[in-house]
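Q: Handing you a structure now.
FYI, it's all coordinate maths here, none of it is from the lab. It should be emphasised that the depicted structure is a prediction, and the values quoted were computed from it without experimental measurement. Note: ideal-geometry Cβ built from the backbone for every residue, glycine included; neighbour counts use all protein chains shown.
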Amino acid sequence: MAHRIVGKPIGRLDGIEKVSGEARYSGDVMLPGLVWGKALRSPLPHARILRIDTSKAKALAGVLAVLTARDLPDILVGRRMFDMPLLARDRVRFIGERVAVVAALDPDIAEEALALIDVEYEDLPAVFDPVEAIKDGAPILHENPGAYDGAPSERPHPNVQSVLRFKLGDVEAGFRASDRVFEHTFRTQLDHQGYLEPHAGVVGIDEDGRVQVWASNKMPFRLKELLSQALQLPPAQIRVNLTPIGGDFGGKGSVMDLPLAYHLARATGRPVKMVMRYTEELMAGNPRHPAVITMRTGVSKDGRIVARRVKALFNSGAYAAFKPAPSVNLGGTGMGAGVYRISHLLIEAFCVYSNNIPCGHARSPGEPQMVFAGESHMDMIARELSLDPAEFRRRNLLRDGDLLANGHHLEHVRASETLEAALKASHWSEPKPGPWIGRGAAMTHRHIGVGFTNARVRLESDGTVTLLIALPDTGTGAHLVLRQVVAEVLGLPLDEVEIEIATTDDFTTDSGVGGSRVTHTGGRAAYHAAEKLKEQIQAEAAKLGEPASSLSAIAQAAAREGRTLEASHFYDAKAHGAVTSFTAQVAEVAVDPATGQVTVRHFTTAHDVGTIINPIGHQGQIEGGLIQGLGFALMEEMKTEDGQISTLSLGDFKLPTIQDIPPLTTVLLEDAVGPGPFNAKAIGEGSISAVAPAIANAVADACGVRILDLPITAEKVYFGLKDTERRS
Amino acid sequence: MTRVIRLIVNGTSHEVEIPTYRTLLDCLRYDLGLTGSKEGCGVGVCGACTVLLDGKMISSCIALAVFADGHAVTTVEGLAEDERLHPVQQAFMDAGGFQCGICTPGQVVSAKALLDAIPNPSDAQIREWMVGNLCRCTGYYKIVESIRAAAERSRA
């Protein structure tokens, strides 16, 4: 079906505020009388707090309030499992945990005041590695985690937050029926989402006693619920005002400093702004979980996978509070099965407490870790079987009707087409251009996100249409996509559809941004609301007796009778559907034998996609995710020693720069079968997860060195080459 | 200790009394209300706070405001002329050179400085010049495209 506006490469018309500096992010919000909050953080990974003396800080000119846990209600906060105190109470469990908070007239005075707070600690034994943390006799982080609200019941060790399992067939029987069995263990690193806007928020209490919140948070309605719990206030007393968000990538869904800002606002009678420094983000944000993943796979003589067992330990840090899923685990764990039909499968993921920074969600939570392990493992097995890695994959790819471990039968499976497209575009079967050059392939697939969204569309008296929505702008271009959907349905030019950003007062609920859901849930809500408005407009035109009436004439006729033409729709997609979206990627790398330095010479990314609503935005998601995957593969690492992160600035924790991007070929296999509006699928999390294994496989192909732990640094490759030399 | 300094910001002269430890970024944002420039890393690495001091790019998060006393500062708010976007700003919109937009004020200021210095840059020159402006959303491909398009537009 041909569309007028859907599918057109429309640039970021919504971005004039962003390119001109007028966009007001939460850190830019200024209010009369506003003061600044700052938190004092623990320097120790595990300690008892014996005494806190705030008298000198309180005496500093310009300081309005200093609060410790003693001044706050004894409330535990979280997103699903509520195990984190507002401020450390008697005990700290990681370096960076907040122990006191200050409000002052400016941020510099607030920081000076922090230095005047005297805290006496007594060290406690600490544990940092997830393997150590679940041994008998390991230091225990929380005495009775099962008692926390939202805590899962299964707990094989007190330091286990949660266990997530995916199961098909009988894995042990599968191993018995296998001709060969391979086992490898992989490690992935602690990695920050890397958004350039640190967490920021402003909380003020207005004349009516309502709590007004401006926050870099992507789920305003969930935030309202969580604040209601954290502040012990009725939800109606809280209003979340939406602001643009300076990058999310999964990390902006918690209450973070907002309850503290509220208590400071109460104590001072002033609105309070709290903005984390980037150093605080790196020591106490909610980064991607590091993982230790063991993969054991049984195969038949002819290279078919018979059975696989996956055990993952996610080092979750000191609190489970940042994980939003009911499992209090990482859903991406299911990707331990890869894109393959495996009749006998058992995946078990343990989220483990340790005295490290608490981890949370990051773009496709759990998947980059699991796909790195799984797709590296595939190549290692292929090598043992003397099979081309692409051929080994071909023999095992998912097909229509196959059952996933989450219980879904798949439809429209395009694993094979996607793989072949990537191989062709990357010249896989052609000779490599020289020595020390290698190619590596990796694949993944992802469901299309679900959730619920409210949309309202209104015909204005000038004949334009306004879409009211409470989905924050995290940068994806979703607001433009939603305008395109409404304009398409109503037959309007794009510039006659405006978007108005609602607050949490305007709707009752919305699942917010995340999980590759917005084009689907927001798009469908806007689509159906626009369809309803279209019916009203047609009925109104019929009433006027002039079917060709202009929209402004129709709106004005209704207005004369005191009516506004307006329609709402609540769209709720509850469960993941049978259609997923496949990705196949090929990296071509060069390894410098003298230094071990890896250069990505070319990257190919092929995607099985639905109807593309905005090609520029769609490609932007692919490119952005891919370069995040490249950073995860090659450079990003929050180095930690005994709970102390040593990479505490963006100078030490390295994100990819514009000089790091490889030449890129994108292949899109469009197939209009998605559940989104106009049969769109999701794209936001499709390009990140297979990058690291594609590069690791290419490095192994180039120089024979197999990297089992991320990131793939020059040092690791260099020492791998030295090992190979010694052995030969 | 405070001092009175004079800044010519986007062509307008301002006199402001500030503590000597105040950064130029905080002075612009909180004393002058120009919140377009952003603080990302806070240590002069990410480029979100990039402004021009007498036409030269600096990281305003690690520059003290007192050192800018008497100098001309150009921020993102000063790029448009008579409500008309600078070609770089327009190109970033047309080509999708931003997503969340938090790094964009710094990106467009650096790109303007690039085109002032090298009106017709090669892709290699674009990458070399822009290396101090991190972006986590776009993967940079569309930033290169945007700057290329802005250069073409400026020549037209």
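Q: Using a simple charge model, +1 on the beta-carbon of Lys and Arg, -1 on the beta-carbon of Asp and Glu, nothing else, what dipole does chain B show about its Cα centre, in debye to the nearest 20? Provide the component values of the computation, followed by the final result.
A: Details: 14 positive and 17 negative charges, 69 e Å.
Here the size comes out at about 320 debye.
Q: Net charge within 11 Å of A:GLU623 by Cβ-Cβ distance, Lys/Arg positive one each and Asp/Glu negative one each, not counting A:GLU623 itself?
A: Working: positive: B:LYS142; negative: B:GLU145.
Surrounding charge for A:GLU623 is 0.
Q: Something else: Within the set of other residues whose C-beta is less than 11 Å from the C-beta of A:VAL591, count the net charge using Lys and Arg as +1 and Asp and Glu as -1.
A: Numbers: positive: A:ARG601; negative: A:ASP592, A:ASP701.
Neighbourhood net charge equals -1.
Q: Would you grab the residues whose amide H sits under 5 Å from the one on A:THR580? Only those 5+ places off in sequence or on another chain, please, with H modelled 1.01 Å from N.
A: For A:THR580, the qualifying residues are A:GLU411.
Q: Give me the percent relative contact order of chain A, please, defined on Cα pairs under 8 angstrom at least 6 residues apart. Don't skip to the end; give the middle numbers.
A: On the way: 1829 pairs, mean separation 114.6, N = 728.
Reported as a whole number, the value is 16 percent.
Q: Can you list which of the trypsin sites (Lys or Arg not before Pro) found in the stretch A:93-186 are DSSP loop residues with at most 10 other C-beta atoms within 10 Å? Mind dumping the intermediate values first?
A: Numbers: sites: A:ARG93, A:ARG98, A:LYS135, A:ARG165, A:LYS167, A:ARG176, A:ARG180; in loops: A:ARG93, A:LYS135.
Counting only loop positions with at most 10 other Cβ atoms within 10 Å, none of the trypsin sites (Lys or Arg not before Pro) in the stretch A:93-186 qualifies.
Q: Rank these for me by crowding, A:VAL486, B:VAL4, going from fewest to most other beta carbons within 10 Å.
A: Details: A:VAL486 30, B:VAL4 10.
Ordered from fewest to most neighbouring Cβ atoms within 10 Å, A:VAL486, B:VAL4 come out as B:VAL4, A:VAL486.
Q: Starting from 0.36 nm per residue, how many nanometres of slack lie between A:GLU154 and A:THR599 once their C-alpha separation is accounted for?
A: Details: separation 445, 0.36 × 445 = 160.20 nm, distance 4.48 nm.
Here the segment from A:GLU154 to A:THR599 would lengthen by 155.7 nm.
Q: Also: Placing +1 at every Lys and Arg Cβ and -1 at every Asp and Glu Cβ, with all other atoms neutral, what dipole size does the stretch A:60-156 have around its Cα centre, in debye to the nearest 20?
A: Values: 9 positive and 19 negative charges, 90 e Å.
The dipole magnitude comes to about 440 debye.
Q: Write out the chymotrypsin sites (Phe, Trp or Tyr not before Pro) in the stretch A:410-491 meeting two conditions: DSSP loop, and at most 16 other Cβ atoms within 10 Å of their Cβ. It would help to have the intermediate numbers written out before the result.
A: Working: sites: A:TRP428, A:TRP436, A:PHE452; in loops: A:TRP428, A:TRP436.
Filter output for the stretch A:410-491: A:TRP436.
Q: Right, next: So for the stretch A:578-639, averaging the separation of alpha carbon pairs under 8 Å that are six or more residues apart and normalising by length, what relative contact order in percent results? Working shown, then result.
A: Numbers: 43 pairs, mean separation 16.4, N = 62.
Across the stretch A:578-639, relative contact order equals 26 percent.
Q: For A:THR508, A:THR185, A:THR666, which order do you get if you count the other beta carbons within 10 Å of each Cβ and list the fewest first?
A: On the way: A:THR508 10, A:THR185 14, A:THR666 17.
By the 10 Å Cβ count, ascending, the order reads A:THR508, A:THR185, A:THR666.
Q: Around A:HIS412, under 13 Å between beta carbons, what's the net of Lys plus Arg minus Asp minus Glu among the other residues? The partial results should precede the final answer.
A: Numbers: positive: A:ARG399, A:ARG414, A:LYS681; negative: A:ASP400, A:ASP402, A:GLU411, A:GLU417, A:ASP608, A:GLU670, A:ASP671.
Neighbourhood net charge equals -4.
Q: Still on this structure: Quick check: Cα centre of the stretch A:423-482 to Cα centre of the stretch B:47-94, how many Å?
A: Value for the Cα centre distance between the two parts: 31 Å.
Q: Determine the distance separating the Cα centre of the stretch A:626-698 from the Cα centre of the stretch A:232-310; give it in Å without decimals.
A: 18
Q: So which GluC sites (Glu not before Pro) in the stretch A:403-510 pass both tests, a DSSP loop state and at most 13 other Cβ atoms within 10 Å of the Cβ?
A: On the way: sites: A:GLU411, A:GLU417, A:GLU420, A:GLU460, A:GLU488, A:GLU496, A:GLU498, A:GLU500; in loops: A:GLU411, A:GLU460.
For GluC sites (Glu not before Pro) across the stretch A:403-510 that sit outside H, G, I, E and B with at most 13 neighbouring Cβ atoms in 10 Å, the list reads A:GLU411.
Q: Could you check the spin-label model distance between A:GLU391 and A:TRP436? Points 7 Å from the Cα along Cα→Cβ, value in nm.
A: Between A:GLU391 and A:TRP436, the simple spin-label model gives 3.0 nm.
Q: At what distance in angstrom do the alpha carbon centres of the stretch A:38-53 and the stretch A:147-207 lie from each other?
A: A separation of 28 Å, based on Cα centres.
Q: Could you work out the relative contact order of the stretch B:87-155? I mean the mean sequence separation of Cα pairs under 8 Å and 6+ apart, divided by the number of residues, in percent. If you can, show how the numbers build up before the last one.
A: Working: 73 pairs, mean separation 37.6, N = 69.
For the stretch B:87-155, the relative contact order is 54 percent.
Q: So what is the calculated 222 nm ellipticity per residue for the protein assembly as shown, using -39500 (n - 2.57) for each DSSP H run with n of 4 or more, over all residues, to the nearest 500 deg cm²/dmol?
A: Working: 21 runs with 235 residues, N = 884.
Calculated at 222 nm, the ellipticity per residue is -8000 deg cm²/dmol.
Q: Also, quick follow-up: Can you work out the Karplus-derived ³J(HN,Hα) for every residue in the stretch A:691-705? Use 6.51 cos²θ - 1.76 cosθ + 1.60 with θ = phi - 60°, whole Hz, and x for glycine or proline.
A: Whole-Hz 3J(HN,Hα) from phi for the stretch A:691-705: 5, 4, x, 4, 5, 4, 5, 5, 4, 4, 5, 6, 9, x, 8.
Q: Right, something else. Of the beta bridges DSSP finds with both residues in chain A, what % are antiparallel, to the nearest 5? Spell out each step's value before the answer.
A: Details: 95 of 126 bridges.
Expressed as a percentage, antiparallel bridges in chain A total about 75.
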